[in-house]
Amino acid sequence: MRKKTKLQAANLEGNADDIEAAFYQALQNGDIDKLMACWADEDDIVCIHPGGPRVIGAMAIRATFEAMFSNGSIRAWPERARKTQAVGSAVHNVLEKVEVLGPDGPAQAWVIATNVYHRTAQGWRMVAHHASPGTNSEIQEVSGNPQVLH
């Protein structure tokens, strides 16, 4: 099992948006090394796949993605992102459009995901990916009007 090296991580530059784009590109290409280069070099990074347990640490996260890639790449695209950013962190909530192979051929499904990024010594890196099951059709958002107290 290959570990992510500091050199691989240093090759990814830019902001949280760039790391997110690299993460989804690695998913679509089934490239475990590029995918893991998006993650921070921290012991407490966390990943939750739809319906799965909390997976902690780079080795465990890598193993889950390697198992997923054994069936081929993951055809997922982030859409309708909601983003918040501070000086050293960013949170992106996205609707992932996922292409799945069903009994009648390719179909699409939706997953709701939250990606958390921190600015590290190596640049922006993912520290959490939490994906929840969505629906077979495009997910509708529920939002309320903000309440202003005076």
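Out of all the residues in the range 112-123, which are modelled with pLDDT of 95 or more, open to solvent by 10 Å² or more (accessible area, probe 1.4 Å) and either farther than 15 Å from SER89 by Cβ or touching a Phe, Trp or Tyr at 6+ places or on another chain (Cβ under 9 Å) (or both)? Result: HIS118, single match. Being open to solvent by less than 60 Å² (accessible area, probe 1.4 Å) and farther than 16 Å from SER132 by Cβ is a property that holds for ALA107.
Does any residue of the range 83-94 turn out to be β-branched (Val, Ile, Thr), open to solvent by 40 Å² or more (accessible area, probe 1.4 Å) and in a loop (DSSP other than H, G, I, E, B)? Yes, that holds for at least one residue. LYS97 fulfils the conditions (1) part of a strand (DSSP E or B); (2) of a type outside the set (Val, Ile, Thr); (3) open to solvent by 70 Å² or more (accessible area, probe 1.4 Å); (4) under 20 Å from ALA26 (Cα atoms) except for a single criterion, (3). For first residues located in the range 62-76 and farther than 22 Å from LYS97 by Cβ, partners that are at pLDDT below 85 and open to solvent by 70 Å² or more (accessible area, probe 1.4 Å) and lie 6+ apart or on another chain with Cβ distances below 9 Å form the pairs ARG62/MET1; ARG62/ARG2; ARG62/LYS3; ALA63/MET1; GLU66/MET1. If only residues of the range 61-82 that are out of contact with any Lys or Arg (no Cβ under 6 Å at 6 or more places or on another chain) and assigned to a strand (DSSP E or B) are counted, the one that is most open to solvent (accessible area, probe 1.4 Å) is ARG82. From the set of residues in the range 25-60 that are part of a loop (DSSP other than H, G, I, E, B) and open to solvent by 40 Å² or more (accessible area, probe 1.4 Å), which is nearest to HIS130 (Cα to Cα)? So the residue we want is PRO50.
The values are calculated or read from the model by the stated rules, or taken from the named source; none is laboratory data. The structure presented is a predicted model; accordingly, all values stated were derived computationally and were not measured. Note that we place each Cβ from the backbone using ideal geometry, even for glycine, and neighbour counts take in every protein chain shown. What goes into the accessible areas is simple: the full protein's heavy atoms, side chains included, and nothing from ligands, DNA or RNA. Shrake-Rupley method; radii C 1.70, N 1.55, O 1.52, S 1.80 Å.
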